[in-house]
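In what follows, a structure is listed as structure tokens, so that the remarks can point back to it.
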Amino acid sequence: MDKPGNELFKQVFEEHKFENEGWIEDIPFHPLEPVYGKSKFGPKDTGKFPESIDTENMPPEVSREIQERGIHAIAWYLPYRFYGEKAWGIYFDSFAMTRLSIEIATLARGIDPSITNTEARKVLYAEVMRHEIEHAIQEILLAKSLQAGAIDVGRAKVADFSKKGSYRETIASHFEHLESLQGVRGVDKRSQNIIRHVSESLGEPSVYRDWRNVSIAELDNRYERELGVSSPNQDLSKEVRGLVGGRIQSKYIDIPAYSWKGGNSFPLSGLDLRAQSLDCKKLKRFMVKDGLARYFNGELQAVQAPDHSLKIVNNYSRPIKFDCHDWDSVPDHVVGQIAHAIGIEKRLFVDRVRQYL
């Protein structure tokens, strides 16, 4: 059975139709078409970097995109009212998130040299997730106002909150930077505070920075007035936030969240590629347990070999030599050989196998 918030979206936006014109240009893929590189967001997306690169530095690249475009450079909330049950939710550009987390950690190590890229990635995902959850909360409030007859579709479409770059981003940024973060494990509060300080200092368009200058009560009142909230029986912003609890899964609503690996709109470096690499020992354990055959519908097997720790074999292709003695992460050409033997693209293999390691 769907949760109350999900049922609310279904009922309200089936009756009150919104067109998605004007939104596609803000998203680097078409959500209503098959999206290459899309997978369900999970703990693997915020997992530990290989030790060999966990304190390596990186110059600003995504940071410059943030300064120009704000958070839309790395993540998006796709509203239910535009994209429906199958495509709505929170989407992360996982490549850009990884890259930005290393850039933030590089700056944070100027304050505390012990901070790692892994810690920065965990904090960054939690911050951005909270920003996008706030957009879902805003849509819940809109749905409730439509249901109550306090506003109609025509008025909603021309309201200030519907304009591109509206103060709704200021509201979301307030909670991104000031609310206690959910689900950040293994990062002490001091390190979290340093990473968050660096993150909020990167520079963004003014609508994302204005949370420093306007109270959240004033912003909430503005949004509620535009929604036509006047009855004491209608839920206010803080009450809906209590129902959601700052999480994508609550008793009230399940918000879908996805990783998208189709970005790469800036030049790649060797560190970028290694950050997306496969840990050799983990992949070895996976293969020894016959994971390739079980999860990739093939006949590949990893067998012991006298000249290497393993050989990956089947009846149709040449054996692939595999040895973690000199590797922290699996070399790119070996990943390509395994993917070729399975019969899928290398990037798809990496995306899928990371779910099992």
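We did not get these values from a lab; they are worked out from the coordinates using the rules stated. Bear in mind the structure is a predicted one, so any value in this text is a computation, not a measurement.
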For Lys122, which lysines qualify as cross-link partners when the Cα separation must be under 23 Å and same-chain residues fewer than eight apart are set aside?
Lys38, Lys40, Lys44, Lys48, Lys189, Lys261, Lys281, Lys282
Under 19 Å from the Cα of Lys238 - lysines, other chains or at least 8 residues apart
Lys144, Lys251
Where the centre of each part is set by its Cα atoms, how far does region 116-148 sit from region 182-229, in angstrom?
11
Relative contact order (%) - criterion: Cα under 8 Å, at least six apart; region: region 4-271
30
Spatial separation of Cα centroids for region 313-333 and region 81-106, in angstrom:
32
Give the cross-link partners of Lys321 among the aspartates and glutamates, using a straight C-alpha distance below 18 Å as the criterion and excluding same-chain residues fewer than 8 apart.
Asp279, Asp290, Glu299, Asp307, Asp332
Among beta bridges assigned by DSSP with both residues in the chain, the antiparallel ones amount in percent, to the nearest 5, to 80
Determine the relative contact order of region 277-353: mean sequence separation of Cα pairs under 8 Å and six or more apart, normalised by residue count, in whole percent.
27
